[in-house]
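The values are calculated or read from the model by the stated rules, or taken from the named source; none is laboratory data. As the structure is a computational prediction, the values presented were derived from the model and not from experiment. Positions of Cβ are backbone-derived with ideal geometry, glycine not excepted, and every protein chain shown enters the neighbour counts.
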Amino acid sequence: MAERRMGLRSRRRLALAAALAAATGLGTGGHAAPRDLAVPADKAWMHAETRLILHSTMAGLSRTALVDNSPDEHDVIAQFGAPDGAVVATLYLFHPAVPSVPLWFDRARFEVEARDLTRRGAPASADPIAFPPSGSGPPAALRQAYGLVAGPLRSTEVAALPLGDWLVVLRLSAPRLTAAALDAKTMEMVADLHLPAGSAPAAVPVTSCAAPLAYGHARPVKPDAGDMILSLVIGAATAQPSAAAASSPPPVWCREGTAAPLYAAYRANGDAHGYLLALGDSGRVVHVTPSLMAQMGKGPSRYTLTLNDLEGATVSYPPFDALPRPEQVFDAVRNGRETGHARGNQVNIQADALKR
């Protein structure tokens, strides 16, 4: 039962990613249908870009599935399980648009806590546990176990670990193990990943923002060509990792308002002028920011919406005349009315975008 439920969760994640891909207009142009990776069950698999190796057996669990939800291994899901069903595990390897352990751990933890299956449980620790993913160095990873009091599972755990500008998220569940015993199995699996000792900063769990943003009566308006091009160029540039970005201190994120099942808003360093909308729990984000042209005094007040994907694509949507609420931003993305997109140094504007 537990293994089947884990499989359903993975399919739901794939379905969400496919829906967002369709909504962004990237469709067949930038996304591939989920595909099984042709790796024999008794052979190890190495991720080409990160060199992460997933063995056929890890922490005593056999690999049962290996799926790529992208055209180039930017969103990989692997499933593992014990022969007797005592433990099942799902490993997610993806390239988030914003490589932040605290941010994506917060989304993964929400996924755990919001599910009917685990809603009657309780965290095994008052706060998430920060720990070094390679066994030494800064506590750059986060994990939290839960003890469950009803349903087919007795415990479940989620962990997020940095891998350069990639992320590994683990989800383990067990029908009979206590939270403490499952935590030990999680750490055994972490050890079997043999993650390299890195320089990622210590991870600080996300907390709620101290004060909410001031939202206006926001309405979508006709895009400005200069704003659109600038937001796409800057968005495409931020999608490419740089040494300067890697050496700068990471922002401290707080959660804006109430999280929803398919999205949540976050603010960097208490930003009072905009926010980032995390879509699902797999790395896609929408930046909601004041118009650059307006900031330069060359246009009316506008708020631009720019989506960054896992494969380095950037998509723009019609701006708003005031700061929009997160649900308005999610609806804009879901409705798929893109105004332009960029990848690398190629920027394309929708022919009718400026006529709307």
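Might you let me know whether the range 107-114 holds any residue that is at pLDDT 95 or above, outside the structural domain of Arg284 (by TED's automatic domain parsing) and in contact with a Phe, Trp or Tyr (Cβ under 7 Å, 6 or more places away or on another chain)? Taking every residue of the range 107-114 in turn, none turns out to be at pLDDT 95 or above, outside the structural domain of Arg284 (by TED's automatic domain parsing) and in contact with a Phe, Trp or Tyr (Cβ under 7 Å, 6 or more places away or on another chain). The set of residues from the range 182-200 being touching a strand residue (DSSP E or B) at 6+ places or on another chain (Cβ under 9 Å) and not hydrophobic (A, V, I, L, M, F, W, C) comprises Asp183, Lys185, Thr186, Glu188, Asp192, His194, Pro196, Gly198.
When each of Val329, Val333, Val315 is tested for being hydrophobic (A, V, I, L, M, F, W, C), closer than 18 Å to Tyr266 by Cβ and modelled with pLDDT under 95, the lone residue that passes is Val333. Scanning the range 42-88 for residues being outside any loop (DSSP other than H, G, I, E, B), surrounded by fewer than 18 Cβ atoms within 10 Å (Cβ to Cβ), of a type in the set (Gly, Ala, Ser) and free of Cβ contacts under 8 Å to residues at least 40 places away in the same chain gives a total of 1. Just one of the listed residues (Arg171, Arg176) is under 18 Å from Asp106 (Cα atoms) and either in the same structural domain as Asp281 (by TED's automatic domain parsing) or touching a residue at least 40 places away in the same chain (Cβ under 8 Å) (or both), and it is Arg171.
Filter the range 292-309 for residues that are modelled with pLDDT of 85 or more and not in a strand (DSSP E or B); which is nearest to Ala259 (Cα to Cα)? Across the range 292-309, the extreme among qualifying residues is Asp309. Of the residues Val112, Val39, the single one that is crowded, with 18+ Cβ neighbours inside 10 Å and either touching a strand residue (DSSP E or B) at 6+ places or on another chain (Cβ under 9 Å) or in a strand (DSSP E or B) (or both) is Val112. Condition check for Pro102 on (1) over 18 Å from the mean Cα position of the chain (by Cα); (2) under 30 Å from Leu307 (Cβ atoms): one failure, at (1).
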